[in-house]
Structures are given as C-alpha cells and as structure tokens.
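Notes to accompany the following structure.
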Amino acid sequence: MNLYANKVGVEGAEIISQALKTQQSLKNLAIDLYFNNVAENGTKAICEEVTKLTNLQTLALNFDFNYIKN
C-alpha cells in the first residue's frame with residue numbers, strides 16, 4: 001500500500017491499524033507512509049497490530065519523514 005505524501009496523519013494511521021485487525025491471514029504486507037505526519041502515536045498503533053499478524057512472511061514498512069522522535 002503506497003500512501004506516499006497523502007496527509008494520513010495520526011488519525012489515518014490509527015484507522016489503518018484498525019483495518020489490520022481484520023487481516024489475520026496476511027502473508028505479505030508493505031505499507032509506505034513516507035511523509036504523512038503519522039508521528040509516534042500513529043506509528044505505534046500500526047506496529048502493535050503488525051506484531052499480531054502471525055502469518056506474515058514478508059514485511060516492509062516505511063515511516064520516513066513522519067516526525068517520529070524515538
């Protein structure tokens with residue numbers, strides 16, 4: 001999923017994380033959130049749900065330029 005520079009923000013990242021809850025059978029996941037201002041809270045929400053996807057075989061996440069401090 002390429003969402004490069006789409007102003008997703010924290011709220012959008014949280015919506016994505018909610019959608020991931022229904023995707024337990026995913027084997028491959030790629031999310032490009034480059035330059036979307038998802039910040040720490042949005043990043044954390046997505047990463048917490050990704051860790052629950054036990055069938056994943058490949059994962060690519062891009063959070064570059066998102067005002068993530070830690």
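The values are calculated or read from the model by the stated rules, or taken from the named source; none is laboratory data. Since this is a predicted model, take the numbers as computed values, not measurements. Cβ atoms come from the backbone with ideal geometry, glycine included; neighbour counts cover every protein chain shown. Heads up: the accessible areas ignore ligands, DNA and RNA and are worked out on the full protein's heavy atoms, side chains in. Shrake-Rupley method; radii C 1.70, N 1.55, O 1.52, S 1.80 Å.
Quick notes on this one:
- Charges were assigned to the Cβ only: +1 to each Lys and Arg, -1 to each Asp and Glu. The resulting dipole of the chain about its Cα centre is roughly 140 debye.
- Crossing angle, helix 39-50 versus the chain [Cα axis fit, 0-90 degrees, rounded to tens]: 0 degrees
- Note on the chain: the alpha carbon radius of gyration divided by the globular reference 2.2 N^0.38 Å gives 1.02.
- Taking Cα atoms only, the orientation of helix 9-20 departs from the longest principal axis of the chain by about 0 degrees.
- By average C-beta atoms within 10 angstrom, highest first, the peptides 45-54, 11-20, 29-38: 29-38, 11-20, 45-54
- Over the chain, DSSP H runs of length four or greater, each weighted -39,500 (n - 2.57), average out per residue to a 222 nm ellipticity of -10500 deg cm²/dmol.
- Solvent-accessible surface of the chain, taken per residue with a 1.4 Å probe and all protein chains present: 67 Å².
- Under the criterion of Cα pairs below 8 Å and six or more residues apart, the relative contact order for the chain equals 42 percent.
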